[in-house]
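The values are calculated or read from the model by the stated rules, or taken from the named source; none is laboratory data. Remember, it's a predicted structure, so these values are computed and weren't measured experimentally. Quick reminder, even Gly has a Cβ in these numbers, built from the backbone with ideal geometry, and neighbours come from all protein chains shown.
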Amino acid sequence: MNQMVKTQTLGDLLKTNRKKAGLELEDVAKATFIKLKYLQAIENDDFAVLPNASYAKAYVSNYAKLLAVDPQPLLAILRRDYRESAKGRLLPREFLKESFKKAKLFSPIRLTVSAIIIMLLSFALYTAWQWFSLNRPPRLVLFQPEDNQVTANRVVVEGQTVMDAIVLVNAQPVALQADGFFNTELYFDIEGPTTITVKATDRRGKTSVVQKSIRVEF
């Protein structure tokens, strides 16, 4: 008896690897600064919702990098299955539209080849994720101050990192809250340009550094 089979899509691959990483879409939105509705559209393969093709490619690339997945094979799938319209939007190619209108019948050989490819790709993505998890530096986001901000002698430094990190702001240790947020104040007695350096080092010894240039004016 013939079977009805649907090929795994770009959105399916990202969703599968996100779940393997134990992440919710809200976590991805916070880490990548991509709107939740756009992430939902990507996982649903509804790229027409995105602003344009350039945004779609950037979002897919950033999402993949967060999951420690090589974005190039995923972008290749995007180019294969979608075309850019005259208005710059991504639309499904004709063969893809037809495959979604009615399930496509596959021969046993094609089914076997597809299964092997999916297994190999899944294994490669899982291996890459494990390697990246062990070698990537801790996530470090600095909310305040903004780059090139003009400020008085008191500056609030606020950000977030992983919960097991040690945070230094201009070489001074700062306490972390339970959710990884940190907040401290710096005071300057000299006017002019200066740099604020924030370092976060996790328990594996991996370090992330964020620097912001500000100008102090009394």
Checklist entry - What are the residues in the range 134-164 that are among the polar types (S, T, N, Q) and assigned to a loop (DSSP other than H, G, I, E, B), if any? => result ASN148, ASN153
Item to check | Members of the range 58-92 that are exposed (fewer than 14 other Cβ atoms within 10 Å of the Cβ) and in contact with an Asp or Glu (Cβ under 8 Å, 6 or more places away or on another chain) | outcome: none
Item to check | The listed residue being touching a Pro at 6+ places or on another chain (Cβ under 8 Å) and either of a type outside the set (Gly, Ala, Ser) or under 18 Å from LEU66 (Cα atoms) (or both), out of THR127, THR184, THR194, THR161 | outcome: THR161
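Quick check, is THR161 surrounded by fewer than 16 Cβ atoms within 10 Å (Cβ to Cβ) and of a type in the set (Ser, Thr, Tyr)?
no
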Checklist entry - Under the condition of being within 21 Å of the chain's Cα centre (by Cα) and in a loop (DSSP other than H, G, I, E, B), which residue from the range 165-188 is surrounded by the fewest Cβ atoms within 10 Å (Cβ to Cβ)? => result ASP179
Item to check | Residues (in a loop (DSSP other than H, G, I, E, B) and either buried (at least 16 other Cβ atoms within 10 Å of the Cβ) or under 28 Å from the mean Cα position of the chain (by Cα) (or both)) located in the range 189-218 | outcome: ASP202, ARG203, ARG204, GLY205, LYS206
Item to check | Residues that are buried (at least 16 other Cβ atoms within 10 Å of the Cβ) and of a type in the set (Gly, Ala, Ser), drawn from the range 32-57 | outcome: ALA41, ALA53, ALA56
Checklist entry - Are there any pairs with C-beta distances below 9 angstrom linking a residue in the range 176-199 that is within 12 Å of VAL162 (Cβ to Cβ) and in the same structural domain as PRO145 (by TED's automatic domain parsing) to a residue that is surrounded by 14 or more Cβ atoms within 10 Å (Cβ to Cβ) and of a type in the set (Lys, Arg), with the two at least 6 apart or on different chains, and if so which? => result GLY180/ARG139
